[in-house]
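A.B. asks: Below is the structure I would like to discuss, written out as structure tokens.
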Amino acid sequence: MQKPHPGSSELARKALRWFGRLYGSLFYKTEVYGLENVPQTGKVLVLSKHQRNDDIPLGLSKALYHRRMDIWAIMKDSLAAPIFMDYFLKCGGIPLNRKEPRKSKNDLLFAKKVLNEGNMLVIFPEQTTIPYKMGKGRPGGFRFIVGKPEEPLAVLCLGLEYKPRGFLRRTSFIVRAGKLRHFEPDMDHEDFLHDCMHEIASLTNLKYPFEQGKKSADLELEEASI
């Protein structure tokens with residue numbers, strides 16, 4: 001049986017912010033653009049490119065935490081292992097079993113809950129880490145969490161770009177926040193996500209090479225089947 005999420009901790013979030021700022025200053029030269037597009041209150045779904053493990057601490061401490069602290073993020077389930085003593089969960093992490101998403105039903109329902117309570121939720125639509133190129137967006141998680149909202153849902157695309165600059169030079173880290181979008185109740189999830197993937201690629205200075213294909217049921221994450 002899945003154990004309940006322990007909830008977030010203000011102390012854990014502040015510790016993550018402190019670590020991210022220190023680590024980021026030592027190893028990265030950071031630029032941030034479009035931060036004014038990030039709403040300071042209300043429920044917002046952030047769709048971001050997943051380049052490397054540093055994405056979450058850097059993206060939060062160097063960008064999003066400057067606007068608000070009530071941020072949750074879908075993360076790989078290995079970070080919820082007992083050895084980490086729930087720290088990443090208390091930072092706002094919500095684990096996802098990438099290989100068998102249906103085993104994460106309770107956690108995905110919890111993600112929907114925190115979003116609908118007026119928080120910010122970050123998800124990585126590729127559902128895996130793919131550095132320096134775009135992977136195909138997988139609509140199942142997006143569809144499951146968004147559902148059919150009663151009112152337009154604010155959606156923000158975020159690009160995280162890394163540029164290694166040579167030996168003993170800090171890596172360039174560029175954060176770009178796009179203009180706020182809204183997912184309407186009558187919109188198609190896959191069409192909307194496909195447009196967002198192109199925007200994420202542009203914000204990350206990459207190309208999205210995938211065409212919009214035939215609609216898929218994506219049974220692994222359909223609410224009716226898990």
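The values are calculated or read from the model by the stated rules, or taken from the named source; none is laboratory data. For clarity, every value in this text was computed on a predicted model and none was experimentally measured. Glycine also receives a Cβ, built like all others from the backbone with ideal geometry; neighbour counts cover every protein chain displayed. These area figures cover heavy atoms from the full protein model, side chains too; ligands, DNA and RNA do not enter into them. Shrake-Rupley method; radii C 1.70, N 1.55, O 1.52, S 1.80 Å.
A.B. asks: When the scattering of the chain is computed by the Debye formula from its Cα atoms alone, each counted once and equally, what is log10 I(q)/I(0) at q = 0.09, 0.14, 0.15 Å⁻¹?
C.D. replies: Result of the Debye calculation: -0.34, -0.87, -1.01.
A.B. asks: Any idea of the accessible area per residue across region 101-195, 1.4 Å probe, to the nearest Å²?
C.D. replies: Working: 4370 Å² over 95 residues.
Result: 46 Å² of accessible area for each residue.
A.B. asks: Show which lysines lie in cross-link reach of residue 136 when reach means a straight Cα distance below 20 angstrom and same-chain residues fewer than eight apart are skipped.
C.D. replies: Reachable lysines: 49, 76, 99, 207, 214, 215.
A.B. asks: Now for a different question. Given a 10 angstrom Cα cut-off, can you work out which residue in 93, 59, 118 is the most mobile in a GNM of the chain?
C.D. replies: The residue that fluctuates most here is 118.
A.B. asks: With every protein chain in place, what's the accessible area of residue 41 (1.4 Å probe, Å², nearest 10)?
C.D. replies: That residue has around 110 Å² of solvent-accessible surface.
A.B. asks: Another question about this same structure. Which of 3/133; 62/112; 112/133 have a Cα-Cα distance over 31 Å?
C.D. replies: On the way: 3/133 35 Å; 62/112 26 Å; 112/133 29 Å.
The pairs that break the limit, which is 31 Å between Cα atoms, are 3/133.
A.B. asks: Please give the charge dipole size of region 61-216, origin at the Cα centre, charges +1 on K and R Cβ atoms and -1 on D and E Cβ atoms. Round to the nearest 20 debye. Don't skip to the end; give the middle numbers.
C.D. replies: On the way: 27 positive and 18 negative charges, 161 e Å.
Dipole size: approximately 780 debye.
A.B. asks: Shifting gears a bit: Determine the sum of side-chain charges near residue 39: Lys and Arg each +1, Asp and Glu each -1, restricted to other residues whose C-beta is under 14 angstrom from that of residue 39.
C.D. replies: Values: positive: 43, 67, 68, 179, 181; negative: 36, 70.
Cβ neighbours under 14 Å give a net charge of +3.
A.B. asks: Shifting gears a bit: Positive end of the dipole of region 166-211, charges at C-beta (+1 Lys, Arg; -1 Asp, Glu), about the Cα centre: which of 208, 174, 192 has its Cα farthest in that direction?
C.D. replies: Projecting each Cα onto the dipole axis, the largest value belongs to 174.
A.B. asks: Top to bottom by accessible area (1.4 Å), largest first, where do 143, 170, 181 land? Each step should come with its number before you reach the end.
C.D. replies: Values: 143 40, 170 95, 181 65 Å².
Final ranking, largest accessible area leading: 170, 181, 143.
A.B. asks: Next question, about the same structure. Considering the dipole of region 1-70 built from charges on the beta carbon (Lys and Arg +1, Asp and Glu -1) around the Cα centre, which of 57, 8, 46 is farthest to its positive end?
C.D. replies: 8
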